[in-house]
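Structure record follows, encoded as structure tokens.
The values are calculated or read from the model by the stated rules, or taken from the named source; none is laboratory data. Just so it is clear, the model here is predicted, and its values are computed rather than measured. Cβ: placed from backbone, ideal geometry, glycine included. Neighbour counts: every protein chain shown.
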Amino acid sequence: MLADVVRDRTAKADCEWGYILDGFPRTITQAEMLEGLAAEQHREIRTIYVRLERKELLQRLTGRRICPMCNEIYNIYTRQPRREGLCDRHETNVELIHRDDDREEVVDNRISKWAEMTKPVYDYYRSTNRLETVDASVPVEGVFQQICAALGMER
């Protein structure tokens, strides 16, 4: 059961000072389970919503290309390889792949389902004043700084 997996993992020594769950909880039932776990562990739940406009999210996901040998990730819009369609990390020509689940119709459907499924969780944490929103349209370092600030961590 998922609750047992989360409980077992977060009880390990490397979680002693806290932990980050990415993409969890996704449902109210999972949020309720996490509330109980946090109470058992004497922990505070803080949530961060990494916000990105749908158009930009679609572009990031549909533009993704991956090297099948080393898993290096490129983007045809924002991080192009030096040689079109080929991984920079190999002397031989290794063609980048466009995964089926990164095609526009699939991505659009995934985003819609995710939004529908997780909106109650978003609303729940917002209603308890434990939701911070981070602007993901800025470069990665800026997103990281916003997350640190939201968690009260100095960098």
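Within region 10-28, can you find the residues that are loosely packed, with under 13 Cβ neighbours inside 10 Å and either under 20 Å from MET117 (Cβ atoms) or of a type in the set (Lys, Arg) (or both)? First the steps, then the outcome.
Of region 10-28, the ones loosely packed, with under 13 Cβ neighbours inside 10 Å are 11-14, 16-18, 20, 22-23.
The answer is LYS12, ASP22, GLY23.
Among the residues of region 135-149, write down those that are surrounded by 15 or more Cβ atoms within 10 Å (Cβ to Cβ) and either farther than 14 Å from ILE48 by Cα or touching a Leu at 6+ places or on another chain (Cβ under 8 Å) (or both).
Residues of region 135-149 surrounded by 15 or more Cβ atoms within 10 Å (Cβ to Cβ): 136, 143, 145-147.
Residue satisfying the conditions is ALA136 alone.
Looking at GLU40, is it in a helix (DSSP H, G or I), under 21 Å from the mean Cα position of the chain (by Cα) and within 25 Å of ASP4 (Cβ to Cβ)?
On the way: in a helix (DSSP H, G or I): yes; under 21 Å from the mean Cα position of the chain (by Cα): no; within 25 Å of ASP4 (Cβ to Cβ): yes.
The answer is no for GLU40.
Give the residues of region 93-110 that are hydrophobic (A, V, I, L, M, F, W, C) and either modelled with pLDDT under 90 or more than 20 Å from ASP22 (Cβ to Cβ) (or both), sorted by residue number. Explain how you work it out, then say what you get.
Taking region 93-110 as the starting set, the residues that turn out to be hydrophobic (A, V, I, L, M, F, W, C) are 94, 96-97, 106-107.
Selection gives VAL94, LEU96, ILE97, VAL106.
Would you point out which residue out of ARG51, ARG82 is of a type in the set (D, E, K, R), loosely packed, with under 13 Cβ neighbours inside 10 Å and more than 21 Å from the chain's Cα centre (by Cα)? Steps first, answer last, please.
Working: ARG51 fails: more than 21 Å from the chain's Cα centre (by Cα).
The unique qualifying residue is ARG82.
Just to check your reading of the model, which residue among ASP14, ASP8, ASP102 is touching a helix residue (DSSP H, G or I) at 6+ places or on another chain (Cβ under 7 Å), acidic (Asp, Glu) and farther than 22 Å from VAL134 by Cβ?
Working: ASP14 fails: touching a helix residue (DSSP H, G or I) at 6+ places or on another chain (Cβ under 7 Å); ASP8 fails: touching a helix residue (DSSP H, G or I) at 6+ places or on another chain (Cβ under 7 Å).
Of ASP14, ASP8, ASP102, the one residue that is touching a helix residue (DSSP H, G or I) at 6+ places or on another chain (Cβ under 7 Å), acidic (Asp, Glu) and farther than 22 Å from VAL134 by Cβ is ASP102.
Please find, among GLY63, GLY85, the residue that is in contact with a helix residue (DSSP H, G or I) (Cβ under 9 Å, 6 or more places away or on another chain) and of a type in the set (Gly, Ala, Ser). So that I can check it myself, show each step before the final result.
Numbers: GLY85 fails: in contact with a helix residue (DSSP H, G or I) (Cβ under 9 Å, 6 or more places away or on another chain).
Just a single option satisfies the conditions, and that option is GLY63.
Being under 15 Å from the mean Cα position of the chain (by Cα) and not in a helix (DSSP H, G or I) is the filter here, so list the residues in region 98-137 that pass it.
GLU132, THR133, VAL134, ASP135, ALA136, SER137
Filter region 10-37 down to residues that are among the basic types (Lys, Arg) and more than 19 Å from the chain's Cα centre (by Cα), then give me how many there are.
Taking region 10-37 as the starting set, the residues that turn out to be among the basic types (Lys, Arg) are 12, 26.
Checking the rest, the ones that are also more than 19 Å from the chain's Cα centre (by Cα) come to 12.
Summing the residues that are among the basic types (Lys, Arg) and more than 19 Å from the chain's Cα centre (by Cα) in region 10-37 gives 1.
Which of the residues spanning region 46-93 are assigned to a strand (DSSP E or B), under 17 Å from TRP114 (Cα atoms) and out of contact with any Asp or Glu (no Cβ under 8 Å at 6 or more places or on another chain)?
Within region 46-93, VAL50 is the sole residue that qualifies.
So is ILE20 under 19 Å from ARG130 (Cβ atoms), touching a residue at least 24 places away in the same chain (Cβ under 8 Å) and not in a helix (DSSP H, G or I) or not?
No; evaluated as a whole, the condition is false for this residue.
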